[in-house]
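I have placed the structure first, in the form of structure tokens, so that the comments after it can refer back to it.
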Amino acid sequence: MNKIAVFTSGGDAPGMNAAVRAVVRKSIFHGLKIYGIKRGFHGLINQEIIPMQLGSVADTIHRGGTILLTARSPDFLTTEGQSKAIAFLQEQEIDGLVVIGGDGSFRGARVLHEAGIATVGVPGTIDNDVAFTDYSIGFDTAINTVIDAINKLRDTATSHERIYVIEVMGRSSGHIALMAGLAGGAESIIVPEAPFDLTEVCNRLQRGVDRGKLHSIILVAEGAGSAMHVGGEIKRILQLEVRVTILGHLQRGGTPSAFDRILASRLGAKAVDLLLEGQSGVMVGFYKGEIKATSFDDVFSQAQAFIWDDYKLAAILAI
Ligand code: ATP
């Protein structure tokens, strides 16, 4: 192993820079040459490669987004695009590749692994929807961003005695809504994993109003339905003041939390170790308290577990 390359792919997530920094510095520590590919698979096809030095990642550990930029690459879904990317890596004599991204990025990484390029994945996605890692880089920062928004909305919700319906990210998973709802004391959490009963939500809200509650917070994961629709229905049924806030891309940005920086540093450094050990076709995750490598095939074999105990607990605590 002499030359390693790293890129970020899919949606950006806070802490991706800390992961890139760890890959770059750990590689240099081991005497390897390290390169950055810009814009993920798109940059691989379009030959956007830059040499990375110690200073290339200076002053980046605290920055959100990704200094290597990221993109979605429809071209990489084609055999032609994949062949171009593989040929480029071979031409550049890249011996190992670290791919930082989500599930989709790892599917692309597996294509490279199958073509004989040693490839290790590092989970970086705010959605936390990758199996075999309890946390993906960016998730902790994202839920803290949601909590911050809930705190602020709570002030105005209480002052005006209103119900706030807050839509958070999660197209096919409710992990952000669940954890932010539990930490934010939401009255109801609406997620794609669980059937949603508007009557039950309204009954719960009415019980709160009856015992003198000044405000209520409802979290809706975007994949579970539109917050506008939920808010409109609650207003119609209960005849109470309801406001809807869609947090959107606010949840993607910001300085990474200490947790995400530590996780990114550990996973990025371990990815380099795994390449040096001759491993490929694996993702390095933080699973059941340990830094652990799992094959891409196993990662794709199951969905990230939804924590039903926490879902039930949140409902009990918001009684
Ligand atoms: P996020 O969770 O933030 O959406 P992601 O890594 O899942 O991140 P995707 O847009 O799904 O994001 O994937 C990123 C890129 O990976 C795609 O643009 C595409 O180039 C590549 N990719 C995705 N799925 C595949 C696949 N099945 N085969 C080959 N490449 C893929």
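Readers should treat all values here as calculations from the given coordinates under stated rules, not as data from a laboratory. Everything numeric in this text was worked out from a predicted model, so none of it was measured. Please note: Cβ atoms are built from the backbone with ideal geometry, for glycine as well, and neighbour counts cover all protein chains shown.
If you average the alpha carbon positions of the range 199-275 and of the range 88-115, how far apart do those two centres end up, in angstrom? Using only Cα atoms to place each centre, the spacing works out to 34 Å. Rounded to the nearest 10 degrees, the angle from helix 16-29 to the longest Cα principal axis of the chain is 30 degrees. Extension gain, HIS160-ALA258: 0.36 nm per intervening residue step, less the Cα-Cα distance, totals 31.8 nm.
Just to confirm a number: summing +1 for Lys and Arg and -1 for Asp and Glu over residues other than ALA71 whose beta-carbon lies under 13 angstrom from that of ALA71, what do you get?
Local net charge: 0.
Charge dipole of the chain (Cα centre as origin; +1 on each Lys and Arg Cβ, -1 on each Asp and Glu Cβ, all else neutral): 640 debye, rounded to the nearest 20.
Counting only other residues whose beta carbon sits under 11 Å from that of HIS62, what net charge do I get with K and R as +1, D and E as -1? Residues near HIS62 contribute +1 overall. For the chain, the mean residue ellipticity at 222 nm estimated from helices alone is -13500 deg cm²/dmol, where every DSSP H run of n ≥ 4 contributes -39500 (n - 2.57) and the total is divided by all residues, rounded to the nearest 500. Considering only SER216, SER159, SER27, the Gaussian network model of the chain with Cα springs below 10 Å gives its largest mean-square fluctuation to SER159. Between ILE246 and LYS292, the C-beta separation translates, for a Förster distance of 30 Å, into a calculated FRET efficiency of about 0.25.
Taking R0 as 22 Å, what FRET efficiency do you get between ILE147 and ALA305 from their Cβ-Cβ distance, rounded to the nearest 0.05?
0.50
In this simple spin-label approximation, ALA183 and ILE319 carry label points 7 Å from Cα along the Cα→Cβ vector, and these lie 2.6 nm apart.
Using the Cα gyration tensor of the range 165-319, with a ≥ b ≥ c the square roots of its eigenvalues, what is the shape: rounded (a/c below 1.5), prolate (a/b larger than b/c) or oblate (neither)? Cα axes put the range 165-319 in the prolate bin. Among the listed pairs LYS38/LYS292; LYS292/LYS312; LYS213/LYS235; LYS152/LYS213; LYS3/LYS270, those with a Cα-Cα distance over 22 Å are LYS38/LYS292; LYS292/LYS312.
Compared with the dominant Cα axis of the chain, that is its longest principal axis, helix 227-238 is turned about 10°. Each of VAL168, ILE237, VAL201 was scored by the projection of its Cα onto the charge dipole of the range 103-245, and the greatest displacement toward the positive side belongs to ILE237; charges sit on the C-beta of Lys, Arg, Asp and Glu.
Counting every alpha-carbon pair across the range 140-252, the share separated by more than 17 Å comes to 48%.
If you put +1 on each Lys and Arg Cβ and -1 on each Asp and Glu Cβ, how big is the dipole of the range 1-151 around its Cα centre, in Debye rounded to 20? It would help to have the intermediate numbers written out before the result.
Working: 12 positive and 15 negative charges, 86 e Å.
I would put it at about 420 debye.
Full extension of the chain between ARG211 and PHE196 gives 3.0 nm of extra length, using 0.36 nm per residue less the Cα-Cα distance.
Taking PRO256, PRO192, PRO51 as the candidate residues, the one with maximal mean-square fluctuation in a Gaussian network model of the chain, Cα springs under 10 Å, is PRO51.
Across the options ILE190, ALA157, ALA227, the greatest Cα extent toward the positive end of the charge dipole of the range 140-252 (unit charges at beta carbon of Lys, Arg, Asp, Glu) belongs to ALA157. Fully extending the segment from GLU233 to GLU114, taken as 0.36 nm per residue of separation minus the present Cα-Cα distance, adds 37.8 nm. Other residues with beta-carbon under 11 Å from the beta-carbon of GLN92 carry, at +1 per Lys or Arg and -1 per Asp or Glu, a net charge of -1.
For a test of the definition: using alpha carbon positions, the gyration tensor, and the 1.5 limit on a/c, classify the chain as rounded, prolate or oblate. Intermediate results must be reported in sequence, preceding the final value.
Details: a/c = 2.52, a/b = 2.33, b/c = 1.08.
Cα axes put the chain in the prolate bin.
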